[in-house]
Amino acid sequence: MNKITFKISLLFAPLAYAFHHFEESIIFNFRAWRSLYFPDNQLPSTELMLVILMVISLVYIILHFIVQNRASALSVITFLMTTQVNNMIFHAGGTIVFQDFSPGLITAVFLYIPVNIIIARNALQEGWVSKRLLIVLFILGGIIFWSFVRLGLPFMVTVLLISYLWIAYETFRVKHVPKIIQ
C-alpha cells in the first residue's frame, strides 16, 4: 500500500470544504443561524465562501506541488489552520455558548479535524514543520480567523498576498543561491 504523502494529503482539504458547506447550506441553514447570533456580521454567503476557500486552497496546493519549499508548506498549513481547524472551534464554541446547534459542526468535527490531523502528521514526518511550529501556526490561524471575522475580506486578501509574496521570495531566493552553498 502506498503511503499518503503530505502533498497528497493536502488534496483532502478541498473535499472537506465541499462536504462542510453541503452541511451548512443544503442539509441545514447556517446563514439563518449566523444571522440570528451575529446580525452585524456581513460575511459572504456560504456558497461564495465555498468557492473562495476551494480556489484559495487549490492555489496553495498547486503552488506547493510546484515549488515544494518551506514557505509553501507553512502557508498552506496556516491557511488550513485558519479555515478548517479554527472553524471547528467556531462551530463547537457557538453550539456551546448559544446552546443551539451550529450548522457545520458535524463535518467540522468529523472531517476537518481528521483531515488536518493527517496533514499535520505527514508534515511532521516529512520535516516540513516541527511540533512547536505546528502549535504556533494553530495560534496564528486563530488570530487570522478571528481577525477575518471582525475585519472581513480585505484583511484576508492582505494575508493571502503576504503569504504568496513569501512563497515567491523563497522560491526565487533558493533558485539563486550559488551551487556551493546548496
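Bear in mind that the values in this text are calculations on the coordinates, not laboratory data. Note that the structure is a prediction, hence the values are computed from the model and not measured. Note: ideal-geometry Cβ built from the backbone for every residue, glycine included; neighbour counts use all protein chains shown.
Stretched out straight at 0.36 nm per residue, the stretch from Lys3 to Gln68 would grow longer than its current Cα-Cα span by 21.6 nm.
The phi-based Karplus calculation (6.51 cos²θ - 1.76 cosθ + 1.60; θ = phi - 60°) puts the 3J(HN,Hα) values of segment 18-31 at 4, 5, 4, 6, 4, 4, 5, 10, 9, 6, 10, 10, 5, 4 Hz, whole numbers, x for Gly and Pro.
Classify segment 6-175 from the C-alpha gyration tensor, please: rounded if a/c falls under 1.5, else prolate or oblate depending on whether a/b exceeds b/c. Prolate is the answer for segment 6-175, as a/c is 1.5 or above and a/b outweighs b/c. For the chain, the 222 nm mean residue ellipticity estimated from helices alone, with every DSSP H stretch of n ≥ 4 adding -39500 (n - 2.57) and the total spread over all residues, rounds to -22500 deg cm²/dmol. Below 16 Å, Cα to Cα, which aspartates and glutamates can Lys3 reach? Residues fewer than 8 away in the same chain don't count. Straight-line reach from Lys3, under 16 Å: Glu126.
Each of Val115, Ala168, Thr82 was scored by the projection of its Cα onto the charge dipole of segment 6-175, and the greatest displacement toward the positive side belongs to Ala168; charges sit on the C-beta of Lys, Arg, Asp and Glu.
If R0 is 22 Å, what FRET efficiency do you get for Arg31 and Ser147 from their C-beta distance, rounded to 0.05? That gives a FRET efficiency of 0.50. Counting only alpha carbon atoms, the long axis of helix 131-151 and the longest principal axis of the chain meet at about 50°. For segment 31-182, a crude dipole built from +1 on the beta carbon of Lys and Arg and -1 on the beta carbon of Asp and Glu, taken about the Cα centre, is about 500 debye to the nearest 20.
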